[in-house]
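Notes for the one structure printed next.
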Amino acid sequence: MVIAAGTGLLLLYFLWPTRSTGKRLLKSWRVKDPTPAQIDDAIRYLKRRRLLYPVLYAVLSLVPFVSDRGIGSLVAIVLGGTLLAELIATQLRRGGRRRVASLTPRGLFDIASQYVLIVYAAIVAIGIVLLLVDMRIGQLPALVVSVGAVAVVTWAAVTRPADGDEQVDRALRTRSVHVSAGLGAAVVGALVGGWFDLVCLLAWIAMANTNYVSKKIFW
């Protein structure tokens, strides 16, 4: 638990968001020339997630079917904790900020790339098959929890009322779905191990950098 919490604190220190971090994030998700207010929204988005790392890593280190995998357990803990941080942070409301309901129905593929979601679904299916073939039934609960976390993050990204700047809100919705799907894929890889771990790592990198932005207007 100490090692896991310490890892979370180190990541929190090195990944603490700054204004340059927020600006770079928005530009990478197609928000051109971010304003100071938009950058503040991006920093807040990152802080919500990263402040949860140490606590979630420590908690996951106590879960038997996550922490009993030997040398790969820390990887599973970090990936799983980061995914859960994304899940919890999406449910937090910003105090004093009025949320606005969308006038146009928002669909899943209006904010997320169908290719990212298809690849994630394929990785989950393959991961389940590989675990069953190897008779590692004990790893399935962690996989199911990770799939549930990705599903809730995706659902929240589609259904939650708009918050703040339109461009930033839409970009961060897409980022949430793609990053959580990538993390979910990486969790599957960490649980399965072997060559599949590398495949899932590459899928995570690709998903987290697929900056698809819909042209549909919701406001």
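The values are calculated or read from the model by the stated rules, or taken from the named source; none is laboratory data. Given the structure is predicted, the values throughout are model-derived calculations rather than measurements. Methodologically, a virtual Cβ is constructed for each residue, glycine included, from the backbone with ideal geometry; neighbour enumeration extends over all protein chains shown.
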> When you look at Thr210, is it among the β-branched types (Val, Ile, Thr) and not in a helix (DSSP H, G or I), yes or no?
Replying inline: yes
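In this structure, does Val116 turn out to be touching a Leu at 6+ places or on another chain (Cβ under 9 Å) and crowded, with 18+ Cβ neighbours inside 10 Å?
Details: touching a Leu at 6+ places or on another chain (Cβ under 9 Å): no; crowded, with 18+ Cβ neighbours inside 10 Å: yes.
So Val116 fails the test.
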> Looking at the stretch 124-140, is at least one residue modelled with pLDDT under 90 and crowded, with 18+ Cβ neighbours inside 10 Å?
Replying inline: yes
> Within the stretch 101-109, can one find any residue that is modelled with pLDDT under 90, among the basic types (Lys, Arg) and farther than 25 Å from Val144 by Cβ?
Replying inline: yes
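When you go through Ala171, Ala156 one by one, which is the residue that is crowded, with 23+ Cβ neighbours inside 10 Å, at pLDDT below 90 and either among the aromatic types (Phe, Trp, Tyr) or within 27 Å of Lys23 (Cβ to Cβ) (or both)? Can you show your working first?
Numbers: Ala156 fails: crowded, with 23+ Cβ neighbours inside 10 Å.
Sole residue among the options that is crowded, with 23+ Cβ neighbours inside 10 Å, at pLDDT below 90 and either among the aromatic types (Phe, Trp, Tyr) or within 27 Å of Lys23 (Cβ to Cβ) (or both): Ala171.
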